[in-house]
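Input: a single structure, listed below in structure tokens.
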Amino acid sequence: MRNETTNRLLNCAAFALGLAIFLIDALTTLDFAVAVLYVLVILMVALTGSMPATRLAGGASAVLTLTAYGVAPPHMDDHGHLVRCLFALLAICTTTMLALRMLADMAQRRLAEAALARSEAFLAEAQKLSKTGSIFIRFPEGTMVWSTESYRIFGYPMTEEAHLSRIMPRVHPDDLAEVQRTHAAMLGGAPLIELKHRLRMPDDEVLHVHLVARRTVSEGDRHEYVGALMDVTETVRTQQALQGTMAELAHAARVATLGQLAASIAHEVTQPMAAVIACGNSALRWLRRPQPNLEEAADSVEQIVRDASRATEIIQRIRAMARKSAPKYEQIDVNRLVVGALEVVRRELQDHRVAADLDLAADAATIRGDWTQLQQVLVNLMVNAAQAMATMPGRRQLTVSSRTTPDNAVTVIVSDTGPGIPPEHMTRLFHAFHTTKSNGMGLGLSICRGIIERHGGTIDAESPPGGGASLIIRLPLLSGDGSGADLRAQVPSAIPIVGSSTASHG
Ligand code: ADP
């Protein structure tokens, strides 16, 4: 509003000035190029910012200059009068052009500023929505620039100066060493940085952040980084909740498997218990003789201890499988894992008249994982194999082999001589609720896949045209630093059997 009034005043003043110049120019015989003063009129109009008005002022000034030249009383020096008129016209044209050029530049700058403000607003909104802030860091000073979202993530007001030293008090104490290591790498000029860590905010809330930064300048010991800082707290919490649900599902499936094995488990426990009773009775007989035979009695008691230990072992194994506990990642000897799983299903295999054959790698391959969950996978595959072979008239053979591979992985293959898996089922084999059994739930293999993937491994199936199925598990070997690589991004090194149908997951 204020602008409009000012513009109107400027226009009026310019009009009045223009009129005065015209009258003086037309009615007097001054020895002076009065018309040059029209440039003031043009500049006053240009101040309003209107290009058409400026153009009009320029045109009108030129016309008035020529009119005044035409109607002016005769001058003493006609030649000088003409030169002054031309000079004024030149000044008017030049000023008009410059004023128009300036106005065009201003308009363009205003547009660019508006576009910049718009894209800044978009960026700020996108950063807010995606919870991703941008940061700039300069080493060795540690000076930083944070976007609004970065300020929010670090929990500082925008008035605070951004600096590396402000981040350190926010870093979760357990992640401090890792963050310091990363800063040392940046100080050394590492080209690319990726770091996931936690922040502990003043109100004790824990945030999970993911920093990705790229070195943009590196001159001597001066390095600059531009990066994105993502607040991934919600994703991490969702993942944790999902993992909790997966663990519950895996536990439910484990209990269901135990239910399937109940008869054979009961049988297996009854056997040593019956032996305990028989040995106890015979020990008593040796002791109650008129001449007690202590040696024979001691033998029987030793046998009792062995049988009771065996029963305890079986019960402990079953209790471990039935227990609902958080995953415990530890160093695991793969061969021991296979033998342990086979122990759980030994009786079931016998009941199905399945011969089990172990072909384990000579060297002890160790991995990092949760024993109960990995055992659950093997038990599931062995039970599936036994059930697949249950209707087969001929030889029923289960083979479990383990091998280490040159790419630092261990492969465990559970093969059977059952009917195999039809090619049309291969793509859905690991999908939840895919089952061909009348009483099946179709969750076993999908849970197995989840467990193996959480261990950084893969699970595939192969079924050669001649029959039989092989379920192939690949897990990363334990590396020197106690961790295992993630095999899922790597190309599987297993050579597929030519002409067989395969399903692959992981
Ligand atoms: P469920 O045992 O409840 O059916 P799974 O996910 O364990 O669920 O198995 C899904 C399906 O995969 C089975 O119904 C069966 O058709 C097929 N399958 C799994 N293992 C084998 C195997 N060794 N041989 C043939 N088919 C198999």
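Every read-out reported here was derived from the displayed coordinates using simple, explicitly stated rules and does not represent laboratory data. These numbers were taken from a predicted model, which means no experiment stands behind them. Cβ: placed from backbone, ideal geometry, glycine included. Neighbour counts: every protein chain shown.
Give the aspartates and glutamates whose C-alpha is closer than 12 Å to that of K131, dropping any in the same chain fewer than 8 places away, or say none.
E149, D231, E234
Report the relative contact order of the range 126-282, percent, no decimals, based on alpha-carbon pairs under 8 angstrom and at least 6 residues apart. Present the calculation step by step, with values, prior to reporting the outcome.
On the way: 199 pairs, mean separation 32.3, N = 157.
Relative contact order comes out at 21 percent.
Output the 0 to 90 degree angle, nearest 10, between the alpha-carbon long axis of helix 51-71 and the longest principal axis computed from the alpha carbons of the chain.
Its long axis makes an angle of about 10 degrees.
³J(HN,Hα) across the range 10-18 via Karplus (A = 6.51, B = -1.76, C = 1.60, θ = phi - 60°), whole Hz, x for Gly/Pro?
For the range 10-18, the Karplus-derived couplings read 4, 4, 5, 5, 5, 5, 4, 5, x Hz, x marking Gly and Pro.
Could you state the number of Å between the C-alpha centres of the range 5-27 and the range 164-193?
The range 164-193 and the range 5-27 have Cα centres spaced 68 Å from each other.
Based on alpha-carbon centroids, what's the gap between the range 341-405 and the range 117-135 in Å, whole number please?
Here the two parts' Cα centres lie 54 Å apart.
Can you tell which of V232, T216, A297 lies farthest toward the positive end of the dipole of the range 210-314, using +1 and -1 charges on the Cβ of basic and acidic side chains (Lys, Arg; Asp, Glu)?
The residue sitting most towards the positive pole is A297.
State, in angstrom, two size descriptors of the range 321-454 derived from its alpha carbons: Rg to one decimal place and Dmax to the nearest whole number.
15.1, 42
So what are the radius of gyration and Dmax for the Cα set of the range 166-236, in Å?
13.0, 41
For the chain, take the longest principal axis of its alpha carbons; what is the angle in degrees between that and the long axis of helix 294-322, to the nearest 10 within 0 to 90?
Tilt relative to the chain: about 30 degrees.
Straight distance only, please: which lysines reach the Cα of K128 with their own Cα at less than 29 Å, same-chain residues fewer than 8 apart left out?
In chain and number order, the partners are K196.
Please work out the Cα center distance from the range 437-463 to the range 204-267, rounded to the nearest Å.
Cα centroid to Cα centroid, the span is 20 Å.
Go ahead and estimate [θ] at 222 nm for the chain from helices alone: -39,500 (n - 2.57) per DSSP H run with n ≥ 4, summed, over the residue count, rounded to 500. Don't skip to the answer; put the middle values down first.
Values: 14 runs with 268 residues, N = 506.
Only helices count here, giving -18000 deg cm²/dmol.
Find the eigenvalues of the gyration tensor of the Cα atoms of the chain, then list the square roots of 5 times those eigenvalues as equivalent ellipsoid semi-axes, largest first, in whole angstrom.
Values: eigenvalues 1704, 139, 76 Å².
The answer is 92, 26, 19 Å, longest axis first.
Going by average Cβ neighbours within 10 Å, how do the peptides 447-454, 406-413, 264-271, 287-294 rank, with the highest at the top? Don't jump to the answer; show the numbers that get you there.
Details: 447-454: 22.1, 406-413: 19.0, 264-271: 16.2, 287-294: 9.8.
Highest-to-lowest ranking by the protection proxy: 447-454, 406-413, 264-271, 287-294.
On a 0 to 90° scale, report how tilted helix 262-288 is relative to the longest principal axis of the chain, with both axes built from alpha carbons and the result rounded to the nearest 10.
For 262-288 against the chain, the angle is about 40 degrees.
For the chain, give the magnitude of the charge dipole about the Cα centre (Cβ charges: +1 Lys/Arg, -1 Asp/Glu; no others), in debye to the nearest 20. Don't skip to the answer; put the middle values down first.
Numbers: 47 positive and 50 negative charges, 238 e Å.
I would put it at about 1140 debye.
Relative contact order for the chain using alpha-carbon pairs under 8 Å, separation at least 6, rounded to a whole percent? Please report the intermediate quantities before stating the final value.
On the way: 753 pairs, mean separation 38.5, N = 506.
The normalised contact order for the chain reaches 8 percent.
Report the percentage of all Cα-Cα pairs in the range 159-289 whose separation exceeds 25 Å, rounded to a whole percent. Present the calculation step by step, with values, prior to reporting the outcome.
On the way: 4918 of 8515 pairs.
In whole percent, the share of Cα-Cα pairs in the range 159-289 beyond 25 Å is 58.
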